[in-house]
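I have placed the structure first, in the form of C-alpha cells, so that the comments after it can refer back to it.
Since every read-out is calculated from the coordinates, none of them should be taken as a lab result. Please read all numbers here as calculations on a predicted model, not as lab measurements. Here the Cβ is made from the backbone with ideal geometry for all residues, glycine too, and neighbour counts use every protein chain on show.
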C-alpha cells in the first residue's frame, strides 16, 4: 500500500496524545483513540482503498475528502476496521449535491447527520436497532456516528464558531447513527424502499434535527397511532419549520405490531402521513409567528414532500408505545441520500 | 514507549483565489449586493445601498438574492459580478 501522507507527531504516552488532540481542537471534547499508522492502515485495507483515494470534494470550499483522513478520524472515534466501510459510504452519500453538505453543516439551524444502516452488515458489526435505538445502543453505531462528526470537524473545519454556526445544535452532533431492526418486522427495510437490492447493505444519511419522541399506548387502531405521528409533524411545522421535505418516522415493535397486523405497509404509512401532516400558514399566528403569515394565510404546507419522502424505520426496544419523528434540517433544501455500502461502490463512483 | 500519531485535519488546502484590484474611490461605480434572502438581510442591504449612493457617490446599486440561502450564489448572479466594480455579500439572519 502507498505511504500515508499525513503529518505525524511523537507523543510520550496515551495522556500526552489526548492533550495533543484537545489542544489543537481536533476532538469533539471527548477522549479519542490515538490514530496510529497501523490502525489507520487496517481500516484502509479493510475497505480496499489507497490512502489518497478521494471519496468526494466539498464543493463550496473545494475541500477534498480522502480515504486516509476519513480513516484517521474513524480510528479516533473508536471505529474498528469493520466499521470503516459504513463511514466511507456515509461520506459518499453526504457529498452528493442534493445533501447540501456545506449548508447543512454550517447553518445556524444546528442539525446533525443521521446515519441509518440497513442490510447484512448490521449483524456483522453488531449494530443494534433494539433497546435504546436512538441513544447509546451499541459500539458500532456509537463509533460510526462519532466518526462522521470528527471527520466534519477535522477535514472540513466544522467547529463550533468556525464553519459550524449552529445556535444550539443538539446531542446528535456527538454521534447520530441507528440500525433498522430488520429481523423483528415484516416491513421492507428502508434501504430497499429506496432502491437498494435485497441482500445489499446500505446507509441513508439525512441532515436531521433531534428526535421528537411521542407516545400512544392506548389504542389498537392504526389510524389513531399514526395520527399521533402526524400531530408531532404538524407541531414541528408550527414551532420549527413549516417547509416539507423528508421526515424520519421511527416505529417500535409495540406500535408496529399493531400496524403490521392490520396490513399497513411503510408505503401506506407514508401516504397517510403525507395526507394528515399539513398545516395552513395562518396557524403560525397561533404560535407567535404572525408577522410572517402575510397574505398567504390559506396556503397549505405539507410536512412531507411526497408519500415517498417519509422514511419509516423499524427500531426500538420490544416494549413501549414510544415512537419518534425526526424532522429535516430545513424542509426540502436538503434531501436524504441512500447508497450501498462497499468498496466496489466507492471505486465505481470514482470512475 | 512513545506513540506516533497522525494529523486528522485536511492538509491539502485548495489554492487561494486571486484578489480583485482595489478601488481608489467608489464615486461613479456600480456596486452589487448579494443577499442570502433572509429577512434580516433585506433592510440592512437596502440601507447600505442608499448610504453608498448618497454619501459615497456610487452611481448604481444592484441587489440580487440567492435562490437558496444555504447554497452558493446562483451561476447567473456570479456571472453578473463581472459587470460590477464592487460586490458586497454577507449573512442576514
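The Cα center of region A:193-257 and the Cα center of region A:119-166 differ in position by 20 Å.
Restricting the calculation to Cα atoms, region A:126-196 shows an Rg/Rh of 1.08 when the hydrodynamic-style radius is the Kirkwood one.
Per-residue ellipticity at 222 nm, computed for chain B from helices alone with -39500 (n - 2.57) per DSSP H run of at least four residues, works out to -8000 deg cm²/dmol. Peptides A:156-163, A:238-245 ranked from most to least packed by the mean count of surrounding Cβ atoms within 10 Å: A:238-245, A:156-163. Against chain A, whose longest principal axis comes from its Cα atoms, helix A:67-77 is set at around 80 degrees. Kirkwood radius and radius of gyration were both taken over the C-alpha atoms of chain B, and their ratio Rg/Rh is 1.20. Applying 1/(1 + (r/R0)^6) with R0 = 56 Å to the Cβ-Cβ distance of residue B:82 and residue A:186 gives a FRET efficiency near 0.40. The alpha-carbon atoms of region B:6-59 define a convex hull whose volume equals 147 cubic angstrom per residue. Once you have all Cα-Cα distances for region A:1-43, histogram them in 10 Å bins from zero and send the whole-percent values. Reading the bins upward from 0: 25, 52, 22, 1. Can you give the log10 of the normalised intensity I(q)/I(0) at q = 0.06, 0.12 Å⁻¹, computed with Debye over equal Cα scatterers of the protein assembly as shown? Results for the protein assembly as shown at q = 0.06, 0.12 Å⁻¹ read -0.30, -1.05. If you wrap the tightest convex hull around every Cα atom of region A:210-327 and split its volume per residue, you get 93 Å³.
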